Amino acid sequence: MLGTVLLGLVLARYDLGRVARAPSPPGKLYWVEISGAVSRPGVYSFTDPPELHHLWARAGGPGSPPALADHLASGSRIMVAPDGVITQERMSGAQLLVLGLALDLNQARASDLEAIPGIGPVLAERIIQYRDTHGPFTQVEELIKINGIGPKNLEVIRNYLIIDDN
């Protein structure tokens with residue numbers, strides 16, 4: 001399963017421009033990755049927002065999972081260290097796009113933004129610099145203020161981005 005995801009990431013990095021699809025509507029599947037000290041690391045789908053113990057059971061985590069207060073957001077990545085300590089972050093931008101998930105414009109790193117068709121390294125850095133200078137985006141349409149993003153480019157990239165207020 002992990003090999004399939006990695007292959008998808010490689011193909012997405014080099015081929016998204018030709019086969020790019022907008023992310024699926026939210027609410028269909030919740031995707032969560034788990035890696036590290038579990039029997040079956042990989043990316044798992046759920047029909048409802050999962051709690052860590054759901055993911056832990058499917059991935060063959062050792063013993064009982066540590067307690068987390070909330071459900072796991074779609075696109076979460078859980079890493080389990082050999083000592084059982086877990087870390088949580090977002091999946092990479094390319095991986096999110098392969099799964100049909102949009103990137104949060106206010107959380108994405110430059111490398112995440114580069115996975116979007118029409119955004120290369122220079123434009124990704126401009127977006128990050130604009131966000132650092134002007135604060136969080138309140139709507140995706142603000143990207144039009146960035147040099148190199150015109151109306152046509154905005155129409156292409158807007159479907160791959162969200163503003164998550166959580």
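Derivation of every value follows stated rules applied to the coordinates shown; laboratory data play no part. Computed from a prediction, not measured in an experiment: that's the story for all the values here. Backbone-built Cβ (ideal geometry, glycine too); neighbour counts: all protein chains shown.
Table for the structure above
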| quantity | calculated |
| --- | --- |
| Theoretical FRET efficiency, 1/(1+(r/R0)^6), r = Cβ-Cβ of Ala81 and Leu29, R0 25 Å, to 0.05 | 0.35 |
| Nearest-0.05 FRET efficiency for Lys145 and Leu68, computed from C-beta distance (R0 41 Å) | 0.65 |
| Gain on full stretching of the segment that runs from Glu89 to Glu125 - 0.36 nm per residue minus C-alpha separation | 10.9 nm |
| Length released on extending from Val156 to His53, taking residue separation times 0.36 nm less the Cα-Cα span | 33.3 nm |
